[in-house]
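Okay, structure first, notes after.
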Amino acid sequence: MAMISPSRRLRRTPFSAGVEREGVKAYTVYNRMLLPTVFESVEADYHHLKKHVQVWDVSCERQIELRGPDASRLMQMLTPRDLRAMLPGQCFYVPIVDETGGMLNDPVAVKLSEDRWWISIADSDLLFWVKGIAHGYRLDVLVDEPDVSPLAVQGPKADDLMARVFGDSVRDIRFFRFGHFDFEGHDMVVARSGYSKQGGFEIYVQDSAAGMPLWDALFAAGQDLEVRAGCPNLIERIESGLLSYGNDMTDDNTPHECGLGKFCNTHTAIGCIGRDALLRVAKEGPIQQIRPIEISGDRVPPCDRVWPAYANGKKVGQVTSATWSPDFKTNVAIGMIRMTHWDADTVIEVETPDGMRAATVRETFWN
Ligand code: THG
């Protein structure tokens, strides 16, 4: 594929200088911002992530800040997850739905205080929907995109590296909780979260000017831990079943189709704009759902469009993410599969650009 031309519309990040110094080889565009996808190679990055520790520029996980007396009310209007018991200091993975129950985004909601939230968004223009609702309902809340850029530290040695920079108390942060930590006079929000299942943290850097000093401190402290620059890894995230908005699901899908029913409390999420629509569809239950799929044969080509899935010549779904897994020595994939064929061990056929492949619906992802 040809290069992407840089311009002001394609935003750089506070860490771009560090990412370039570490030899980034490829980017994608996410929320109109650069997101690295390859450093050494996707496979080499994968093995390193599972063994050591990586620093990821995930600035493209932009924050939507809600600030004001109606912030919590607005947050609940956006999601069918019941937020009443959520406390400041917690993060929740929250489906965001429109008035039809269709998925608009699948962000992490960060509750800073009763009247201040960050919505750490996946790749869709959620800001416009949120501003429209705040304005249309005349809510007393400010909605904007602040200068906040997440930097992820992921991998089995993440605790050791973070403790060297922020002190041993970072080890005490529980999963999907956050605390405030000082770095050279800058307040940093540090959460135990991240887009891998290898463990680690996300540092929400609230001032672009603090970005490179933090980047450099992590690399200086982690030399003997073999710290490297990394990025969300295609192989690891498919093995782990981490969904990618715009790839694995769109606004045509409900959270239940996406397997996110466990993050919905539609009956008690009073105020959620998609509530009535979701209550209607939840009564019947979804007729298709996301499933782990194992595709037989040797390495599949890159999956940059949907691959239809068939059984007995009839379409029964589609594969939306797929790659060769070096550790499991098979092709791992994520697909949306109709009810008639979604049971574990069901054999289907997937139409890849290389031709038809036998495939099997799995019970679980690969971790
Ligand atoms: N971290 C932050 N913001 C993000 C992402 C992130 N914004 C974009 C994107 N990733 C949003 N999508 C996801 C998808 C999965 C998870 C988080 C964000 C995730 N899921 C775990 C799981 O499904 O096992 C845990 C969910 C839970 O138990 O609550 O972590 O990665 N800041």
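Some observations on this one:
- Yes/no for F175 being of a type in the set (F, W, Y), at pLDDT 95 or above and open to solvent by less than 60 Å² (accessible area, probe 1.4 Å): no
- Selection from the stretch 286-316 of residues that are open to solvent by 70 Å² or more (accessible area, probe 1.4 Å), in contact with a strand residue (DSSP E or B) (Cβ under 7 Å, 6 or more places away or on another chain) and either closer than 16 Å to R362 by Cα or not basic (K, R) (or both): I287, V306
- Sole exception among (1) loosely packed, with under 14 Cβ neighbours inside 10 Å; (2) closer than 28 Å to I133 by Cβ for G261, by number: (1)
- Taking (1) out of contact with any Lys or Arg (no Cβ under 8 Å at 6 or more places or on another chain); (2) away from the ligand (no atom under 16 Å from the Cβ); (3) not in a loop (DSSP other than H, G, I, E, B) in turn, I293 satisfies each apart from (1).
- Elements of type strands (runs of 3 or more DSSP E) contained in the stretch 161-214, each with 1 or more residues being within 16 Å of the ligand (Cβ to nearest atom) and under 19 Å from T13 (Cβ atoms): 186-191, 200-205
- Qualifying residue in the stretch 158-174 (condition: touching a Leu at 6+ places or on another chain (Cβ under 7 Å) and over 28 Å from P36 (Cα atoms)): no
- Qualifying positions in the stretch 238-255 - open to solvent by less than 40 Å² (accessible area, probe 1.4 Å) and either within 16 Å of the ligand (Cβ to nearest atom) or in a helix (DSSP H, G or I) (or both): I238, E239, S240, G241, L242, L243, S244, Y245, D248, M249, N253, P255
- Options D248, D252, D276; residue that is at pLDDT 95 or above, under 26 Å from L49 (Cα atoms) and of a type outside the set (S, T, N, Q): D248
- Any hit, the stretch 318-327, residues being more than 24 Å from the chain's Cα centre (by Cα), at pLDDT 95 or above and not charged (D, E, K, R): no
- Among residues of the stretch 176-196 that are under 25 Å from V94 (Cα atoms), those with a beta-carbon under 7 Å from a residue that is among the acidic types (D, E) and surrounded by 16 or more Cβ atoms within 10 Å (Cβ to Cβ) at least six positions away or on a different chain give the pairs A191/E202; S193/E202; G194/E202; S196/E236.
- Complete set of residues in the stretch 203-232 that are open to solvent by 10 Å² or more (accessible area, probe 1.4 Å) and either touching a Ser or Thr at 6+ places or on another chain (Cβ under 8 Å) or among the β-branched types (V, I, T) (or both): S208, V227, P232
- Residue among P150, P146, P156 that alone is touching a residue at least 40 places away in the same chain (Cβ under 8 Å), outside any helix (DSSP H, G or I) and open to solvent by 70 Å² or more (accessible area, probe 1.4 Å): P156
- Test set (1) closer than 19 Å to I235 by Cβ; (2) among the hydrophobic types (A, V, I, L, M, F, W, C); (3) free of Cβ contacts under 8 Å to residues at least 24 places away in the same chain - A344 fails condition number: (1)
The values are calculated or read from the model by the stated rules, or taken from the named source; none is laboratory data. What you are looking at is a predicted structure, and each value in this text was computed from that prediction instead of being measured. Every residue, glycine among them, receives a Cβ derived from its backbone with ideal geometry; neighbour counts consider all protein chains shown. These area figures cover heavy atoms from the full protein model, side chains too; ligands, DNA and RNA do not enter into them. Shrake-Rupley method; radii C 1.70, N 1.55, O 1.52, S 1.80 Å.
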